[in-house]
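Here the structure is laid out as structure tokens; the discussion comes afterwards.
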Amino acid sequence: MAGSMVPYIVAALAFFAIVGVGLVLTGNRDDAARKRARAISAGGGPVKGSKLADENARRRAKTQEMLEGLRRQDKERRRNDPMRNIGSKLTQAGLEIPVPMFWMLSAVCGLVCAGVVYISGADGLVINGISLKSRPVLVAAAFFGGTLGVPQFILNFLIKGRHTKMVNQFADALDIIVRGVRSGLPLNECIRVIAKESPEPLRKEFMTFADNLAMGAGLDRSLAALYKRMPLQEINFFAIVLMIQSKAGGNLSEALHNLSTVIRSRKMMREKVKALSSEAKASAMIIGCLPFAVGIMVFLTTPDYIMELFRTETGHVILVMAAGMMGTGITVMRNMINFDM
């Protein structure tokens, strides 16, 4: 009986010996795998001390430093708002005229408005015994309004239209850069292609951008000049991507492709919001124009009835109160239907 158990005992001992050798040989690998799993679960990425971990740490530090620098530049840009500078406004509107010429044209516009008021023979208003019938005061008010108000309104209108065109064209420009980089062209050459083949205002802005790079202004200064000429959020995104890629490295084509997708998504969302708010905007326009339309129709039917507002002191008070309430209502409606994106 004892002799028959010997083979089983030998087999069991051999099995345990093989298992022990296996544990000895694979124990270190299991420890390394557990350390690796703990590092990944803790968000550490590669094992500390390895070359890959050091390279990732340097890249993260450089990226963080770059983002801090961009935040400081953005604060400086906001502090020196280009929209407050007439020269920057003229550049953004695409007008190639010097600032003194703009002020001369504004003065001419003010003289025209003052001449219209003087020729019309307006006598002014009387409110609560306070007479505003002084024609020189009305002419001076018309002159300052025509000098400071009308040209600024036209300039802001031109700037808004040019910014809208730039936003609509910018995603296509990024796609051109992506395809050029993937085909092996350098960034400067891709920018030159956009400057030659794109419509205005994209062509002019990228031509200036390419000229600055060719003259050795540097990428950061050229991007800052581009943002100053076109202070748009899309241009700011473009500058951030290029600066991070130049300092920290990475796949430029992939980053610009993602940026192009984001800009197109923003444009689609903007159009969707515009479509959804179109009914509210139409209602606000109708409500804002209705008092003036009613006043004109009353004037055409019974002019003596409505002219009492302009002849008597009580009518003057009513006109001033109506103008104040209309201004308040239009401002409130505009803020309710205006969506900045």
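Just a few scattered comments:
- Positions within the range 187-221 being more than 19 Å from Gly161 (Cβ to Cβ) and among the acidic types (Asp, Glu), in sequence order: Glu189, Glu197, Asp211, Asp220
- Looking at Leu187, Leu202, Leu158, just one residue is within 25 Å of Ala225 (Cα to Cα), buried (at least 19 other Cβ atoms within 10 Å of the Cβ) and in contact (Cβ under 8 Å) with a residue 24 or more places away in the chain, and that residue is Leu202.
- Hey, Ser260 among the polar types (S, T, N, Q) and surrounded by 13 or more Cβ atoms within 10 Å (Cβ to Cβ) or not: yes
- Condition check for Met269: closer than 29 Å to Leu213 by Cα and at pLDDT 85 or above: no
- Meets criteria (part of a loop (DSSP other than H, G, I, E, B), out of contact with any strand residue (DSSP E or B) (no Cβ under 6 Å at 6 or more places or on another chain) and either farther than 30 Å from Gly110 by Cα or of a type in the set (S, T, N, Q) (or both)) for Gly180: no
- Test: residue in the range 180-188 that is under 30 Å from Asn85 (Cβ atoms) and at pLDDT 90 or above: no
- Here Ser246, Ser277 are screened, and the one residue that is touching a residue at least 40 places away in the same chain (Cβ under 8 Å) and of a type in the set (S, T, N, Q) is Ser277.
- So Val137, is it under 24 Å from Pro231 (Cβ atoms) and either at pLDDT 65 or above or surrounded by 14 or more Cβ atoms within 10 Å (Cβ to Cβ) (or both): no
- Which numbered condition Glu308 misses (of (1) within 28 Å of Gly327 (Cβ to Cβ); (2) crowded, with 16+ Cβ neighbours inside 10 Å; (3) acidic (Asp, Glu)): (2)
- Residue in the range 153-188 that is farthest from the chain's Cα centre (by Cα), counting only those that are over 15 Å from Glu234 (Cβ atoms) and among the aromatic types (Phe, Trp, Tyr): Phe153
- Condition met for Met326 (surrounded by 12 or more Cβ atoms within 10 Å (Cβ to Cβ) and part of a helix (DSSP H, G or I)): yes
- Looking at the range 190-271, none of the helices (runs of 4 or more DSSP H) lying wholly inside it contains 2 or more residues that are assigned by TED's automatic domain parsing to the domain that holds Thr91.
- Some residue of the range 166-179 being acidic (Asp, Glu), assigned by TED's automatic domain parsing to the domain that holds Ala255, surrounded by fewer than 20 Cβ atoms within 10 Å (Cβ to Cβ) and within 21 Å of Asn258 (Cα to Cα): yes
The values are calculated or read from the model by the stated rules, or taken from the named source; none is laboratory data. None of the values given here were measured: they were computed from a predicted structure. Positions of Cβ are generated from backbone atoms using ideal geometry, with glycine treated the same way; all protein chains shown enter the neighbour counts.
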